[in-house]
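Asks: Just dropping this structure here.
The values are calculated or read from the model by the stated rules, or taken from the named source; none is laboratory data. Remember, predicted model here, so these are calculated numbers, not experimental data. Positions of Cβ are generated from backbone atoms using ideal geometry, with glycine treated the same way; all protein chains shown enter the neighbour counts. Each accessible area value is taken on the protein alone, full model and side chains, heavy atoms only, with ligands, DNA and RNA left out. Shrake-Rupley method; radii C 1.70, N 1.55, O 1.52, S 1.80 Å.
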Amino acid sequence: MSLTAPAPDEQLGAACALEARICECDALIASRSTALRQFEESVVKTREEIAQATAMRSGMESALETLRTAEAQMQQQLATYDAWAHPPRLRVVDDASTQETPEVTEQSEQAVDGALLADAPTITINKVRAAPIMKVVSTEPEREWSVKDVATALEEADAAGEKRVRSGLEELHRKGVLAKRPAEAGSRLTYRQIANWRPLP
């Protein structure tokens, strides 16, 4: 059996067909390469936008936290000022001239020791550290008490005693029993009673 070689015309037609397919492949590769490059550029841009948004979000969160802290401090300052400028009214009691001063006993300490202030909350305080201080302050609840005043009344006028008294007054201020007026030019740091109190049992 003899093999017949393709005619020149047939060879030419096959070559043209292959070249056409190759051109189609080249066009497809170029098109997809362009699409891939655009996609990669889009990914890079998207990542940059995400990074920028993350940074802005972090900055705004920090600013929001700062605002909330400032607002809380402002509310605390306003509450302290209102308590200072508008103290609770004193409760009307019987004429003190007809009353005998009761002896302070263990039983009486279980009652509200600072019950001189009407429309004011009653706050439980430390019996050992804070109660002796409040027994002094409650004798004149509207008075501006300095650290030295209280320390002298407690017979703890030395440096160590004043340090203990100052620590106790600060604790009572933080608990809301006392209002504090910071020292200003020509005046001392003072404290004033703004709430009733009772010692821990």
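Asks: How far apart, in nm, are two points set 7 Å out from the Cα along the Cα-to-Cβ line at ARG129 and at LYS148?
Replies: A separation of 2.5 nm, rounded to one decimal place.
Asks: Residues of segment 128-185: accessible area per residue at 1.4 Å, in Å²? Numbers along the way, then the final one.
Replies: Working: 3150 Å² over 58 residues.
That works out to 54 Å² per residue.
Asks: Follow-up. At a 1.4 Å probe radius, which order do ARG68, ARG47 fall into by accessible area, largest first? Each step should come with its number before you reach the end.
Replies: Working: ARG68 140, ARG47 165 Å².
Ranking ARG68, ARG47 by accessible area, largest first, yields ARG47, ARG68.
Asks: Provide the FRET efficiency to the nearest 0.05 for the GLU49-LEU28 pair, computing r from the beta carbons and using R0 = 25 Å. Working shown, then result.
Replies: Details: r = 31 Å, r/R0 = 1.25.
Given R0 = 25 Å and the Cβ-Cβ separation, E is 0.20.
Asks: Please give the contour-minus-distance gain from ARG37 to GLU140: 0.36 nm per residue of separation, less the Cα-Cα distance, rounded to one decimal in nm. Before the final figure, lay out each step's value.
Replies: On the way: separation 103, 0.36 × 103 = 37.08 nm, distance 8.30 nm.
Extending this stretch completely gives an extra 28.8 nm.
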